[in-house]
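Quick notes on the structure that follows.
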Amino acid sequence: MRVMAQVAMVMNLDKCIGCHTCSVTCKQTWTNRDGVEYVWFNNVETKPGVGYPKRYEDQERWHGGWQLDRRGRLKLRAGGRVKRLLNLFSNPDLPDLDDYYEPATYDYDTLVNAPAGPHTPVIRPKSAITGRDMAITWGANWEDDLGGAPEHAPADPNLAAMAEKVRMEFDQTFMFHLPRICEHCLNPACVAACPSGAMYKREEDGIVLVDQDRCRGWRMCVSSCPYKKVYVNHRTGKAEKCTFCFPRIEAGQPTVCAETCVGRLRYIGLILYDADAVLEAACVPDPRDLLEAQRRVFLDPSDPEVVQAARAAGISEDWITAAQRSPVYRLAMRYRVALPLHPEYRTLPMVWYIPPLSPVLDAVTGAGADADDPDNVFHAVTDLRIPLEYLAGLFSAGDTEIVAGVLMKLSAMRAYMRARTVDGTVAEDLLEAVGMRAAEMEEMYRLLAIAKYDERYVVPAAHREDAAALSAQAGGCSLDGDGGPGMSDFHPAGVTGRRGDGRLGLKLFVRDGGTA
Amino acid sequence: MNVALWVVVPYIALTIFVVGHVWRWRVDQFGWTTRTTQVLESRLLRLGSPLFHLGAFAAIGGHVLGLLVPKSLTAAVGVDEHLYHLVSVSAGTVAGLMVVAGLGLLLARRLTSPRVRRTTTRADKVLFAVLAVTIALGLSATVGENLLGGGYDYRATIAVWFRGVLTFHPDPGLMAGVPPLFRLHALSAWVLTAIWPFTRLVHVWSAPLAYLWRPYVVYRRRTPIHRSRHV
Ligand code: SF4
Ligand code: SF4
C-alpha cells in the first residue's frame, strides 16, 4: 500500500442553475490572455447537447483516454508510443479551433470614436484570432438551456448510444447543466501521452499540471484527454490546462470556480488512495466495474491501518484529519451518491457528480403525477428509461441500476426530510428502502441542502516546510539514497546543477548556474 | 576573399550557433517550442508537415553521408562512384522534392489562412525565407549539376573542406573551383546555422525519443515556487 493524497471535487448537479459564474470567474483568473481566448478551464454545458468542444465525448473520433488491448493490457486509445511519435508532425486526433468556436470581440471604440452623424454607431463582432469581421455562429455553450436543441442535440454522442429515440421538442424533453473542469485523474491520459514529459501529477495533492518550461508543443495531451481539458495556447505554442487553482489550494482555499459558485454545489476535500492499486483498477475488463474498482482504490481515512500507512508515507496530521472530514469522501464513499463522469474512459477521474434528480421529476410532472410523492418518483426512477439511460451513459458506463440507486436515495432524502419537518414523523420505510440509517440520512441532508461553507470545503494548507526541506537537500541527487541508482560521484557539483524540475543538468545549461 | 567566405563565415556561424543555443536554453525555455498552429489550420498541415519533416530527415541523412563520410570509406565497403552517384542523386532528388512540396504547402498555409498568418512572428518570416533559399539552392544544385548536368563530385572538394572546418583544419582552397550553385547553397546553410538558435528550429533538439521508454504517468513533488512556471 502506497498512500497518496488527492484534492478532489464533487458537484451536486441538481443545484446547478447554469449561470456560468464559475466559468467567468475562472476565465478572469486564468485565461483572459492572448492565445487562450477560446479556452475555458471551467465550462458549463447543457445536456443533452454536443458539449465543448463539439462531440468531445465521441472517442471513436478523437481517440481520447485509455482502452484495453486484446490481451487486456491498458493502452492509450490513440495508439502505442511509436505510433504517437510518428504522428508528431500532424496529430490526426486534434480538434480544430472550429470544433471549439471562433472567439469574438467587438470594435467597442466605434461607440466613442464614430464621427457625429444621424445614426447611433453600432459595434460589429470581430474575430479575436484574426481581427476580421465575423459572424458568431457557435460558442462554448451555444445550446444554452436547450437552445437549438432540435437541430443540434441529436448529435450528442450520449444520445447516439441509447436504444430509444429521445424527443427534442422543448416540452417533452429534459435538460440539466453539466459544469466541467479537468478531472485531475488518477490515471491521467494527458500525462501518459505527453512526449516530452512536461506534464505531471503532483505527489502531494494529485493536481495535474503542465510545466511551461518543458512543454514543447507536441499537442498530444490535448487529443488524449478524453474530456478535452488540455488546450493549446496558439500564441505560446504550449499546452495549458485547469490548475485546480493550486496557489489557492496550497493556501487552504477552495478553487475560484467553487468559491464563486452561485448554487453552492461544489465540494472540495481530500481522498487518500493507494497509488499501487491504480493500474489494476483501470484494467478491469468490464467498464461497468470501473466505478467499484475506483472506489476500492480509495482508502478509508478513519481506518487506523490507513492512518498509520499515511503517516509512514509522510502525510502530515492535519492532512489526515482533513481527509477524515472530507465531504468528497463522504459523498462518494459513505453515502455513495457521487459518481465519476464517463468512467469508461479509464482515466479514473477525480471530479465526481451527484446525478440530477430533476430530469426524473420533470418527467413525473409531465405525466401529470405529483412529483412530491416519493412513490411516484420511485416508480419513475425504475420505469422511465430515457433520462435514466442518459444519466447512466454519463456517470456509470451505462449501468442504469447504479444511477437509479442514487436517484432513489436523493428522492428518499427529500421525502424523509419533508416528513420530519412538516409532519414530524420518521419515515422508517424510506430509510429501509435505500438502506440508510436516520442519522446518516440527516447528515447527508445537512451536507447537501444546508451545505455550510466549511463543510463544503475542507482544504488543508500545503506545507511550506516541505518546500524548504526540498531546496535544502537539492544539492544532492534524489536517487542518491543507499543503494539507489544515483549512488556515485558521477556528477561533480562544478559541472552540473539542478534544473527547474529537480532533474540534474549540465551547469552550462542551468539558469543561475546553481542549485535548488 | 576565399578565406573570408570559407573560413571566417563558417566559424562565425558556428560560434553564434553554439553560444546562441546555450543562451536561449538558459534564458528562454518558455519560448523553446514547436509553436504548433495545428488547432488553427489542419487541412494543409496534415499533408505539408509530414512531407516536409520526413523529407528533411532524408535530406539530413544524405548530407551526413555525403559530407561526413569520406570517399575512401564508402569505397572500402564496396560502393563505387557510379553506385554512389546513382543512389545519392535519386534519393536526394526525391527528398528534395518532398521538402520543397512540404515547405510549399506550409508556406501556402501561412499565407492563405488568416489565423495562421496572424501568429507568424518576425523570426518565423526570416526563418522561412532562409530555409526556402537554402532548400531551393540545394535542390537545384542536385538536379541541375548532378541529375541533368555532367555531375559534380562534391565529395572531393566540399566534403573535405567541410570536415576540415569541423576539425579546425579548414582549407579554403578546396572551394575555389566549386560550381556557384553549391557555393551559394553552402553559404545560405551557414546563415541558417547562425539564425537557428533564435528561431523555432530549436525544437529539433527536443525530439522526444525518451518517450519510448519512460513510464506513462509522471509524478513530481511540489518544487519551491520560484523555479518553473506551471500553468
Ligand atoms: S481530465 Fe485532466 S487529468 Fe484527466 S486526462 Fe484530461 S487533462 Fe488529464
Ligand atoms: S456557478 Fe455554480 S450554479 Fe452557476 S453554472 Fe457554475 S456550477 Fe452551476
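Here the accessible area is traced with a 1.4 Å probe on the protein chains. For the protein assembly as shown, carbon and sulfur cover 60 percent of it. Summing both sides, the accessible surface hidden between A and B at a 1.4 Å probe radius is close to 6500 Å². Across all directions, the average projected area of the convex hull around the alpha carbons of chain A is 30.4 nm². By how many nm would the segment from residue B:214 to residue B:3 grow when fully extended, if each residue of separation counts as 0.36 nm and the alpha-carbon distance is taken off? Between residue B:214 and residue B:3, full extension yields an extra 71.2 nm.
Relative to the longest principal axis of chain B, what angle (0 to 90°, nearest 10) does the C-alpha long axis of helix B:81-112 take? Taking Cα atoms only, the helix is inclined about 40 degrees.
Across all directions, the average flat footprint of the convex hull enclosing the Cα atoms of chain B is 16.4 nm². Spin-label pair residue B:22-residue B:91: with each label point 7 Å from Cα along the Cα-Cβ axis, the two points sit 3.5 nm from one another. At an R0 of 25 angstrom, the distance between the Cβ atoms of residue A:276 and residue A:325 translates into a FRET efficiency of 0.50. With a 10 Å cut-off around each Cβ of A:236-244, the average count of Cβ atoms from other chains is 4.
The lysines whose alpha-carbon is closer than 21 Å to the alpha-carbon of residue A:83, local same-chain residues fewer than 8 away aside, are A:75, A:228. Within the straight-line cut-off of under 16 Å between alpha carbons, the aspartates and glutamates reachable from residue A:241 are A:34, A:37, A:183, A:211, A:213, sequence neighbours fewer than 8 places apart in one chain being disregarded. Note on residue A:28 and residue A:305: with the Förster distance fixed at 56 Å, the Cβ-Cβ geometry gives a FRET efficiency of about 0.80.
In percent, what relative contact order does chain A have, based on Cα pairs under 8 Å that are 6 or more apart in sequence? Computed over chain A, the figure is 19 percent.
Label-to-label distance, residue A:135 versus residue A:373, with points set 7 angstrom from Cα along the beta-carbon direction: 5.1 nm. Using a probe of 1.4 Å on the protein chains alone, the accessible area found for residue A:82 is around 90 Å². Rounded to the nearest 10 degrees, the inclination of helix B:43-63 to the longest alpha-carbon principal axis of chain B is 40 degrees.
Between residue B:79 and residue A:463, the simple spin-label model (points 7 angstrom out along Cα→Cβ) gives 6.1 nm.
Rounded to the nearest 0.05, what FRET efficiency do residue B:125 and residue B:153 have when you use their Cβ-Cβ distance and R0 = 41 Å? Working shown, then result.
Working: r = 37 Å, r/R0 = 0.89.
That gives a FRET efficiency of 0.65.
Accessible surface calculations at 1.4 Å, restricted to protein heavy atoms, place the protein assembly as shown at 44 Å² per residue. Computed over chain B with a Gaussian network model linking Cα atoms closer than 10 Å, the most mobile of B:190, B:25, B:205 is B:205. Its relative contact order, with pairs defined as Cα atoms under 8 Å and 6+ residues apart, puts region B:33-190 at 29 percent.
For residue A:438 and residue A:155 in one chain, what is 0.36 nm times their gap in residues minus the Cα-Cα distance, to one decimal in nm?
97.5 nm
Under unit Cβ charges (Lys, Arg +1; Asp, Glu -1), what dipole magnitude, rounded to 20 debye, does the protein assembly as shown have relative to its Cα centre?
Value, rounded to 20: 3100 debye.
Summing charges over all other residues whose Cβ lies under 15 Å from the Cβ of residue B:88, with Lys and Arg as +1 and Asp and Glu as -1, gives -2.
In region B:1-38, the residues whose accessible area drops by at least 40 square angstrom when the other protein chains are added to the isolated chain are B:22, B:25, B:26, B:29, B:30, B:33, B:34, B:35, B:36, B:38; the probe is 1.4 Å and only protein heavy atoms count. Could you tell me whether region A:1-89 comes out rounded, prolate or oblate from its Cα gyration tensor? Rule is a ≥ b ≥ c as square roots of the eigenvalues, rounded for a/c under 1.5, then prolate if a/b exceeds b/c, otherwise oblate. Prolate shape, in that a/c is at least 1.5 and a/b is the bigger ratio. Would you please classify the overall shape of region B:1-124 from the alpha carbon gyration tensor, given that a ≥ b ≥ c denote the square roots of the eigenvalues, rounded means a/c under 1.5, and beyond that prolate means a/b larger than b/c while oblate covers the rest? Oblate, because a/c is 1.5 or more while a/b does not exceed b/c. When the Cα convex hull of region A:249-334 is projected onto planes of every orientation, the mean area is 7.0 nm².
The values are calculated or read from the model by the stated rules, or taken from the named source; none is laboratory data. It should be emphasised that the depicted structure is a prediction, and the values quoted were computed from it without experimental measurement. Cβ coordinates were reconstructed from backbone atoms using ideal geometry, including for glycine residues, and neighbour counts include every protein chain displayed. To get the accessible areas, we keep the full protein, side chains included, count just its heavy atoms, and leave off ligands, DNA and RNA. Shrake-Rupley method; radii C 1.70, N 1.55, O 1.52, S 1.80 Å.
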